[in-house]
């Protein structure tokens, strides 16, 4: 009887607690095998792979390495393997600037020329805030270097980039007018930190961020000859199954070049949830959406991006250089983070991180579909006749680029710069680019009786394109475009020649590529850096030069010699 009474009292005591626990949704606890299954394609010694850490309330609740850090010596990836994390570096650069703001040594509203007078006077103030939020209008350093004839596996130093920036004559747009991703801004911010602090950027971050947080395997890599213990090397798997090295020799910092581990990044994400270095106010400023000149905001903060994932607030940034891939995802309201780093150029860390997140946070999701950028939709089949109605050439007026929809092996393909990517059908009028990214979608609609195409990359605004008919030039007219063209901003020359009826572009350090006519005096380049070329004429109708536009460089002038 006493035993029954004790049991009854015990049940009465724990019942309210049990009901309370059932009414509150909490994190799931996936098995190790469930997480391993997500990485199964990379869990062998014959392929470059990845490392992961899952962090909840400041504690690593799962960490592991998969695949090979070095294929030549059969060294496995572990949670202590050091990776280059590319653009994930930017949040550290923004944080370093904010530390100096808190110390009263500078202001986010400072003109960049106050600290780096070599930056040209464009007649419009560019602030540190513009630089940290990708709203400066400065052309992107990597695309400028490529146009200048550099290879991205060249040794590229801070001096190289600063010298190139000092020769720029124009901006992409008025500072603060819009968002356009620019690595240049973060290289300049790192230089500001160095000049204001009197230390190298690498040393400043070591003393003020990494050492105080106990990030013992983290550094900004500003010397391409420095030896890094436990470094994962960079690889680029080929479509035919082979694997190539993808060398990276950067000696510049700010926009990139952070070397770190998933364990160290776990300490960093915890600091952003529960600050030990820097104040809560500092981090709130980094997490605040940027306001443009017209009063509108967009999802970019300082060195990172904010969005919703299944109704949960997410703060994130990815990185991609050579064969390195990285993604750091934080859910501040849940004090939960996922860090995924890879040395495999075909690895999709954003998608993998989303799959791991789902294993833990699914009970907390709103009843909505995950964002298309993080979910692979199911493919459906349409007849070839249904697909053919979308075939044709399309032109984007806003950003001045052309693309083509063609039929290849019974499926549609999206062709930019002569490189067709297969499209998978996900709806009657909607398709997904099947290049491993799972975040580029193409859709079609009718506007005013005309077919219209939209290309959406991740959560960015869709780019709208309309059908057009490419022009066809007689050979003697094409010959008018031949000659040498020089850019004083890049200190480089391109030669345009006519060979076998084709207008070819030649550069001493680059492979030849063809220019395809689109409209009068407008050509498409079969090269990603030469997306669009628009020729200019004088009052006599003579060609005086051309301007190049691509994703992050607009209207760069080359003068005919």
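Here is a check on your reading of the model: is residue 363 modelled with pLDDT of 90 or more and either touching a helix residue (DSSP H, G or I) at 6+ places or on another chain (Cβ under 6 Å) or closer than 30 Å to residue 35 by Cα (or both)?
On the way: modelled with pLDDT of 90 or more: yes; either touching a helix residue (DSSP H, G or I) at 6+ places or on another chain (Cβ under 6 Å) or closer than 30 Å to residue 35 by Cα (or both): yes.
Against the criterion (modelled with pLDDT of 90 or more and either touching a helix residue (DSSP H, G or I) at 6+ places or on another chain (Cβ under 6 Å) or closer than 30 Å to residue 35 by Cα (or both)), residue 363 qualifies.
Among the listed residues 140, 159, identify the single one that is surrounded by fewer than 24 Cβ atoms within 10 Å (Cβ to Cβ) and without any contact (Cβ under 8 Å) to a residue 24 or more places away in the chain.
Details: 140 fails: without any contact (Cβ under 8 Å) to a residue 24 or more places away in the chain.
Of 140, 159, the one residue that is surrounded by fewer than 24 Cβ atoms within 10 Å (Cβ to Cβ) and without any contact (Cβ under 8 Å) to a residue 24 or more places away in the chain is 159.
Search segment 332-350 for residues being crowded, with 22+ Cβ neighbours inside 10 Å and under 17 Å from residue 57 (Cβ atoms), and hand back the single one that is farthest from the chain's Cα centre (by Cα).
336
Residues checked against (1) within 21 Å of residue 401 (Cβ to Cβ); (2) in contact with a strand residue (DSSP E or B) (Cβ under 6 Å, 6 or more places away or on another chain):
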| site | (1), (2) |
| --- | --- |
| 482 | no, yes |
| 488 | no, no |
| 494 | yes, yes |
| 505 | yes, yes |
| 517 | yes, yes |
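Please find, among 240, 294, the residue that is modelled with pLDDT under 95 and either over 18 Å from residue 51 (Cα atoms) or surrounded by 22 or more Cβ atoms within 10 Å (Cβ to Cβ) (or both).
Values: 294 fails: modelled with pLDDT under 95.
The unique qualifying residue is 240.
Condition test on residue 153, is it surrounded by fewer than 18 Cβ atoms within 10 Å (Cβ to Cβ), outside the structural domain of residue 234 (by TED's automatic domain parsing) and in a loop (DSSP other than H, G, I, E, B)? Let's see the steps before the verdict.
Values: surrounded by fewer than 18 Cβ atoms within 10 Å (Cβ to Cβ): yes; outside the structural domain of residue 234 (by TED's automatic domain parsing): yes; in a loop (DSSP other than H, G, I, E, B): yes.
Against the criterion (surrounded by fewer than 18 Cβ atoms within 10 Å (Cβ to Cβ), outside the structural domain of residue 234 (by TED's automatic domain parsing) and in a loop (DSSP other than H, G, I, E, B)), residue 153 qualifies.
For segment 538-557, what are the residues that are under 17 Å from residue 524 (Cα atoms) and outside any strand (DSSP E or B)?
Just the residues of segment 538-557 that are under 17 Å from residue 524 (Cα atoms), to begin with: 545-557.
Answer for segment 538-557, where residues must be under 17 Å from residue 524 (Cα atoms) and outside any strand (DSSP E or B): 550, 551, 552, 553, 554, 555.
Quick check on segment 214-226. Is at least one of its residues assigned by TED's automatic domain parsing to the domain that holds residue 117, assigned to a strand (DSSP E or B) and either on the phi < 0 side of the Ramachandran plot or at pLDDT below 95 (or both)?
First, pick out the residues of segment 214-226 that are assigned by TED's automatic domain parsing to the domain that holds residue 117: 214-226.
Keeping just the survivors that are assigned to a strand (DSSP E or B) gives 219-220.
Now drop any that are not either on the phi < 0 side of the Ramachandran plot or at pLDDT below 95 (or both), which leaves 219-220.
Scanning segment 214-226 turns up at least one residue that is assigned by TED's automatic domain parsing to the domain that holds residue 117, assigned to a strand (DSSP E or B) and either on the phi < 0 side of the Ramachandran plot or at pLDDT below 95 (or both).
Tell me which residues, restricted to segment 514-545, are at pLDDT 95 or above and in contact with a helix residue (DSSP H, G or I) (Cβ under 8 Å, 6 or more places away or on another chain).
535, 543
Restricting attention to segment 451-484, report how many residues are farther than 30 Å from residue 179 by Cα and in contact (Cβ under 8 Å) with a residue 24 or more places away in the chain. Before the answer, list the steps.
First pass over segment 451-484, keeping only residues farther than 30 Å from residue 179 by Cα: 469-484.
Still in the list and also in contact (Cβ under 8 Å) with a residue 24 or more places away in the chain: 469-473, 475, 478, 480-481, 483-484.
Adding up the residues that qualify gives 11.
Within segment 501-513, is even one residue modelled with pLDDT of 95 or more and more than 23 Å from residue 146 (Cβ to Cβ)?
Checking segment 501-513: not a single residue is modelled with pLDDT of 95 or more and more than 23 Å from residue 146 (Cβ to Cβ).
Which of the residues that make up segment 485-522 are in contact (Cβ under 8 Å) with a residue 12 or more places away in the chain, farther than 30 Å from residue 162 by Cα and outside any strand (DSSP E or B)?
Selection gives 501, 520, 521.
Only one of (1) modelled with pLDDT of 95 or more; (2) farther than 15 Å from residue 354 by Cα; (3) touching a helix residue (DSSP H, G or I) at 6+ places or on another chain (Cβ under 7 Å) fails for residue 33. Which number is that?
Result: residue 33 fails condition (3) only.
Having 3 or more residues that are under 22 Å from residue 317 (Cβ atoms) is the bar; report the strands (runs of 3 or more DSSP E) wholly within segment 40-91 that clear it.
Numbers: elements: 50-56, 59-66, 68-70.
So the answer is 50-56, 59-66.
The values are calculated or read from the model by the stated rules, or taken from the named source; none is laboratory data. Because the structure is a prediction, the values reported are computed rather than measured. As a convention, Cβ positions derive from the backbone with ideal geometry for all residues, glycine included, and neighbour counts pool all protein chains shown.
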